[in-house]
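The values are calculated or read from the model by the stated rules, or taken from the named source; none is laboratory data. Quick caveat: nothing in here was measured; it's all calculated off a predicted structure. Using ideal geometry, Cβ is built from the backbone for each residue, glycine included, and neighbour counts are taken over all protein chains shown.
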Amino acid sequence: MADQPFSARAATQDDKVVAALAHALGPLIAIIVWATQKDKSPFVAFQSLQALVYQLTGVVGMLLGMACYMCSFVGVFVSMFAFIPLGAIGAASTEGIPDAAEGFAALIGFLISTVTMIVPFAIFGLLFLAAIAFFLYGLWAALSVFQGKDFRYIVIGRWLERYLAHDGETKEAET
């Protein structure tokens, strides 16, 4: 790792602080840090770009999750209007049939409605847990970089490293 241009070993304390701020303070700060520091320090440029990609991925993921959350209410409304009246319809159509059939139709309508009403709460709970985990992972990245460790996000770090190394080779070949 010592030969890598993105290594924390070549970074100054100021570089580590700026890179940590890019990880901790959101995508807008990461954009500003990357735009102002990309030519000054390869370490800060890599860390801020990595933070930017990670944070934008999180924003897009949360937007998609919230869209799923909103769409889950469609299921709730459909079940309210389709399955709750099932008991009433079952009761009206079972004249002369024992009360057990009426109760069974009402029970099925109630169970389907209840299960579909739980889905939005489950989605929201999962989104909330994912947001907390996402935020804590970003803080861990900021702390690691601040301590002078080479931090790479699980998928994003290696991908960006390969991309930037290939981009650097392309620029060298052009000159």
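Points to keep in mind about this one:
- Any hit, the stretch 57-71, residues being of a type outside the set (Val, Ile, Thr), without any contact (Cβ under 8 Å) to a residue 12 or more places away in the chain and under 16 Å from GLY138 (Cβ atoms): no
- Counted residues, the stretch 139-170 - those being of a type in the set (S, T, N, Q) and modelled with pLDDT under 85: 1
- Selection count where residues are part of a helix (DSSP H, G or I), in contact (Cβ under 8 Å) with a residue 40 or more places away in the chain and not acidic (Asp, Glu), scope the stretch 138-164: 11
- Failed item in (1) closer than 27 Å to LEU129 by Cβ; (2) surrounded by 13 or more Cβ atoms within 10 Å (Cβ to Cβ); (3) at pLDDT 90 or above, with LEU28 passing the rest: (2)
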